[in-house]
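Data first, discussion second: the structure below is written as structure tokens.
Taken together, the values in this text are just the output of simple stated rules run on the coordinates, not laboratory data. Because the structure is a prediction, the values reported are computed rather than measured. We place every Cβ from the backbone using ideal geometry, glycine too, and count neighbours over all the protein chains shown.
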Amino acid sequence: MERVELCTVEELMAALYACRGAWDTPDRSGDPVDLHDHALQTAALLRRSRPSDKELQVAGLVHDLGHLLSPGDDAGHADRAAEAVRGLLGERVARLVRLHVPAKRYLAAVEPGRGLSAQSSLTLGAQGGPMTAREVASFEADPLAEDAVTLRQADDAGKVVGLDAGSMEDWRAVVELVAQGVPVR
Ligand SMILES: [Fe+2]
Ligand SMILES: [Fe+2]
């Protein structure tokens, strides 16, 4: 499959704007908010819980761009988005983006009763199901595990129809800071 890289802040913002009216499933059978609102809600929740960690917030903003770049590829969408932003936003943001699916599989293993959206439950199987005990241990050994779980919790909560989470333009300056590699956490 073709590799897509978002090389400039302008290209990244254009992709985020293109999420308006784009969905996690091409037939709209999935989550009830479009990728644009989901990105804004996820990032806003992280801004509230981790106000100083701009990288984590931006990771939340871009985490599902894989659905836009490669529609229908649930299993690969996290890797796709991570590849697309690594050069621009750096390794930590890319890893946090990539980890949003493993973090779901992790939480499904350690908190099996946790509520997921119907669509997230459906795709969990295609993404490998709950982690095995060995996978859990390896995930917990990752220095980014806790941040990845925080992102995942915001991801799961950021699916509220009609909730106004601000404007995409408000994020441009934050994205620029992260892209410049200014220490922002
Ligand atoms: Fe996702
Ligand atoms: Fe998501």
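Of note:
- Projecting the Cα positions of Leu35, Leu45, Leu12 onto the charge dipole of the range 1-74 (unit charges on Cβ atoms of Lys, Arg, Asp and Glu, taken about the Cα centre) puts Leu45 furthest along the positive direction.
- MRE, 222 nm, helices only [DSSP H, n ≥ 4, -39500 (n - 2.57), over the chain, to nearest 500]: -17000 deg cm²/dmol
- Values of log10 I(q)/I(0), in the order q = 0.18 Å⁻¹, for the range 68-185 under a Debye, Cα-only, solvent-free model: -1.09
- Length added when fully stretched, Ser138-Arg48, from 0.36 nm per residue minus Cα-Cα: 29.5 nm
- Rg and Dmax of the range 1-149, based on Cα coordinates, read 14.6, 42 Å.
- Among Cys7, Cys19, sorting on how many other beta-carbon atoms sit within 10 Å of each Cβ, with the fewest leading, yields Cys7, Cys19.
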